[in-house]
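Below is one structure, written out as structure tokens; the observations come after it.
The values are calculated or read from the model by the stated rules, or taken from the named source; none is laboratory data. Predicted model only: the values in this text are computed from it and were never measured. Here the Cβ positions follow ideal geometry from the backbone for every residue, glycine too, while neighbour counts run over all protein chains shown. Ligands, DNA and RNA are excluded from the accessible area calculation, which covers all protein heavy atoms including side chains. Shrake-Rupley method; radii C 1.70, N 1.55, O 1.52, S 1.80 Å.
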Amino acid sequence: MSTTRGLRDRDEPITMLTAYDALTAGIVEDCGIDIILVGDSMGTTVLGYDNTLPVTLEEAKSRTAAVARGTDEVLVVADMPFLSVGVDEAQTVRNAGEMLKDAGADAVKLESGPHTVETTKRLTQLGIPVMAHLGLTPQHVNQLGGYTRQGTTTEAAEEILSLAVDHEAAGAFALVLEHVPANVASLVTDRLEIPTIGIGAGSDCDGQVLVGTDVMGLSEQIPPFAEPFGDLKREMTEAIEAYREAVESGAFPAAEHSHIQEDLDLEETQ
Ligand code: KIV
């Protein structure tokens, strides 16, 4: 049984990675990653949208359910898509609840702000663990004018700190800090009891998260704070091209890929 408790009581930094399907999630779990985030980054990474805003609750639930089916013990956190939270309180609770009840997630993540403090409290009271997310919140891209650094003025940094404290008090079990100065993330991490998980937030956070396709070298473009740790795109391209060439040249399928049924009397059936 995966649990959101005790995440901070470990010697090594927490590792979190996104995955959106059962196959990848199983590999991620086998690699010893602590938390799988079924991020709404699925919108741009695997669903072909321009940003995360079009991702629907049904898409997020379906992907979360696939990840839950493909894993055993790892903590699965479902990202709540744009407008699935905050429009109406009862619907917010139902939407988040379905991520646990129907899709098999262990917790939900909310892109957070002043508007999510009460929601975090309510969901936590009802038994839905909440991971908060401050700093760059990509669902606000239309107001931010891009995926820009956050917390870069004293006022903005103080607001992040204050919201972090409020979300901890509301019951959040962890906090993602995205694209904020390392010294701001460090200060927030010092002030909180719950673990911080950084993405573009320096090395003082209690853990790190990246988008899986960036890590594996599958993305066309990656943010400045990410790092490809492999070149899966090259390996996939080589494998697919080799297959195409083998079919076109007649090298595939070979005799060992085919079988002959000796006892057929095909002439009679003509
Ligand atoms: O959707 C996502 O993948 C995220 C992470 C980048 C934190 O929110």
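Descriptive notes on the structure:
- Any hit, the stretch 121-132, residues being closer than 20 Å to Gly202 by Cβ, open to solvent by less than 60 Å² (accessible area, probe 1.4 Å) and within 21 Å of the chain's Cα centre (by Cα): yes
- Verdict on Asp102 being surrounded by fewer than 24 Cβ atoms within 10 Å (Cβ to Cβ) and within 21 Å of Gln125 (Cβ to Cβ): yes
- The listed residues are Val85, Val108, and the only one of them that is outside any helix (DSSP H, G or I), modelled with pLDDT of 95 or more, under 15 Å from the mean Cα position of the chain (by Cα) and crowded, with 24+ Cβ neighbours inside 10 Å turns out to be Val108.
- Residue selected from the stretch 187-217 under the condition in contact with a helix residue (DSSP H, G or I) (Cβ under 8 Å, 6 or more places away or on another chain) and more than 16 Å from Leu161 (Cα to Cα), by the criterion nearest to the ligand (Cβ to nearest atom): Val211
- Taken over the stretch 4-62, the residue count meeting the criterion of being touching a helix residue (DSSP H, G or I) at 6+ places or on another chain (Cβ under 8 Å) and of a type in the set (S, T, N, Q) is 6.
- Test: residue in the stretch 137-157 that is in contact with a helix residue (DSSP H, G or I) (Cβ under 6 Å, 6 or more places away or on another chain), within 16 Å of the ligand (Cβ to nearest atom) and in a loop (DSSP other than H, G, I, E, B): yes
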